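Here is the structure we will look at, set down as structure tokens.
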Amino acid sequence: MSEHAGRARFAAIIEADEKVEPRDWMPDEYRANLIRQMAQHAHSEVIGMQPEANWITRAPTLMRKAILIAKVQDEAGHGLYLYSAAETLGVSRDELQEMLHSGRQKYSSIFNYPTLSWADVGAIGWLVDGAAIVNQIVLQGTSYGPYSRAMVKICKEESFHARQGYSIMMALVEGSDEQKAMAQDAIDRWWWPALMMFGPHDAESSHSERSMAWKIKRIKNDDLRQMFVDQTVPQAHYLGLTIPDPDLEFDEETGHWRIGEIDWDEFWRTIKGDGPLNRERIAHKVKAWEDGRWVREAATEYARKQRARLGKSA
Amino acid sequence: MSYDVPLAPGEQPEDLDLSTVAEHGFPLWEVFVRAKRGLSHTHVGSLHAPDAETAIQNARDGYTRRAEGVSVWVVRSAEIVASDDAESLFEPFEDKPYRHPTFYDIPDEVGQL
Ligand SMILES: [Fe+2]
Ligand SMILES: [Fe+2]
């Protein structure tokens, strides 16, 4: 197919709200834009295991421990679905991983914050997975087929994440004064970073417009953030927790909760690598990869020998 | 949006060289899962594994953590032969509506047909 015909077909697919599939012609910038977004998404799932895994050995009950292991295992799975989808665009898994390790590609800044108490595990499930869900539900409608399918599968698993988090928060607010204080402290620290997950205001987001035109992105950052705020504020009130925003107020006219201004300096600082744990997260990831080297080498050698043996007996 | 990291002011997106897709690690396998007896295997994604046996183990962990399947196939991605998805391969069918039952007007009186 000529580039001219390919371009026309690509435009028609986007226009008709159909999905672009791996072997279709697509503009180079569409491909690069998607690889970047899907890789960041995959890296986020993988690095996102660290703050929660930090609490697996200290979960308060065996049931909570089993739940947390299942949740963290899901996040590894999400990383797999997304890397798998990104690879359909012609980038290799090795290259993506190398870009994460070298810092050439980023992951969501939310995972650079520390988990200081068990309540943070609850707050992450409720707020961080909650924010991710708002985003990912919309991304099911993204124009690239493999990305969309990965989102459908991920969304099926995410609501368990948010609900187990909220259930941790419920247990804490029904507990002792100290436990209640832990829950409040967790929302105090996670509320703003969770809102930052939706990215800068659309006016300041350089790629936003083009991603919308290509239907990679379907709803604007600020609108997604508002959806999250509207659904989450009543949930905080139900728990009897205070949202750490003195400007938060309900707008009777629009029916939306209005929030105060986000600390964008902190946002950009964390993105540029100066968040509380940026260096530790990557160092831990690289170490895990290096520590596993002998396993990969042994598995490769075993597979080679098996093939050789089969070759002989055949 | 949540897991999409914006470019900080003054930053450039990273360069990607797609001309040399070097695979140094395990080969890639496509994974197909039969959701339940009576249904065909359906493609669900891919994974890297050193051999078929490990690929099946990893597919179980990666794609069927909630009893999504009763059977798994793995196929080396490099072994899949695909059509050229340009429409030309499928267009000839579009001018053959007579292949479909709705092409024929049959009076209601004839009953089930
Ligand atoms: Fe996830
Ligand atoms: Fe999650």
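The values are calculated or read from the model by the stated rules, or taken from the named source; none is laboratory data. Just so you know, these numbers come straight off a predicted model, no measurement behind them. Cβ atoms come from the backbone with ideal geometry, glycine included; neighbour counts cover every protein chain shown. Ligands, DNA and RNA are excluded from the accessible area calculation, which covers all protein heavy atoms including side chains. Shrake-Rupley method; radii C 1.70, N 1.55, O 1.52, S 1.80 Å.
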Determine the order of A:43, A:284 by accessible area, beginning with the largest, at a probe radius of 1.4 Å.
A:284, A:43
For the protein assembly as shown, the charge dipole (Cβ of Lys, Arg +1; Cβ of Asp, Glu -1; about the Cα centre) points to a positive end, and the Cα of B:73, A:68, B:104 closest to that extreme belongs to B:73
Rounded to whole Hz and in sequence order, give me ³J(HN,Hα) for region A:183-190 from the Karplus expression 6.51 cos²θ - 1.76 cosθ + 1.60, θ = phi - 60°, writing x for Gly and Pro.
4, 5, 4, 5, 5, 4, 8, 9
Dipole axis of region B:19-110 (+1 Lys, Arg; -1 Asp, Glu on Cβ), positive-most option in B:64, B:42, B:28:
B:64
Once Lys and Arg get +1 and Asp and Glu get -1 on their Cβ, which of A:250, A:283, A:267 lies farthest toward the positive end of the dipole of region A:234-314?
A:283
Relative to the Cα centre, what is the charge dipole magnitude of region B:19-110, using +1 at the beta carbon of each Lys and Arg, -1 at the beta carbon of each Asp and Glu, and rounding to the nearest 20 debye?
760 debye
Go through region A:61-124 and name the chymotrypsin sites (Phe, Trp or Tyr not before Pro) that are in a DSSP coil and have 16 or fewer other Cβ atoms within 10 Å of their Cβ.
none
Taking H as built 1.01 Å from N, whose amide H comes closer than 5 Å to the amide H of residue A:105, not counting residues under 5 places away?
A:100
When the convex hull of the Cα atoms of chain A is projected onto a plane and the area is averaged over all directions, what value comes out in nm²?
20.8 nm²
Relative contact order for region A:27-161: what is it in percent, counting Cα pairs under 8 Å that are at least 6 residues apart?
30 percent
In order through region B:97-113: 3J(HN,Hα) via Karplus (6.51 cos²θ - 1.76 cosθ + 1.60), integer Hz, x for Gly, Pro
x, 5, 6, 9, x, 5, 5, 9, 8, 10, x, 4, 4, 5, x, 4, 8
For chain A, the dipole about the Cα centre with charges only on Cβ (Lys and Arg +1, Asp and Glu -1), to the nearest 20 debye, works out at 2160 debye
As a quick test, which of the pairs A:153/A:215; A:153/A:217; A:215/A:272; A:19/A:153; A:156/A:287; A:215/B:96 have an alpha carbon distance above 22 angstrom in this structure?
A:215/A:272; A:156/A:287; A:215/B:96
I'd like the distance separating the alpha-carbon centroids of region A:166-235 and region A:295-311, in whole Å.
47 Å
Over chain A, calculate the relative contact order: mean separation of alpha carbon pairs under 8 Å at least 6 apart, over the residue count, as a percent.
18 percent
Share (percent) of C-alpha pair distances in region B:19-110 greater than 16 Å works out to 68 percent
Per-residue HN-Hα couplings for region A:45-54, Karplus 6.51 cos²θ - 1.76 cosθ + 1.60 at θ = phi - 60°, whole Hz, x for Gly and Pro?
4, 6, 5, x, 6, 5, x, 7, 4, 3
Exactly which GluC sites (Glu not before Pro) in region A:75-183 are in a DSSP loop and have at most 13 other Cβ atoms within 10 Å?
A:174
If you average the sequence gap of Cα pairs under 8 Å that are 6 or more apart and divide by the length of chain B, what percent do you get for the contact order?
22 percent
Taking only the Cα positions of region A:195-314, the convex hull volume per residue in Å³ is 248 Å³
Of the chymotrypsin sites (Phe, Trp or Tyr not before Pro) in region B:47-107, those whose Cβ has at most 11 other Cβ within 10 Å and which sit in DSSP loop:
B:90, B:104
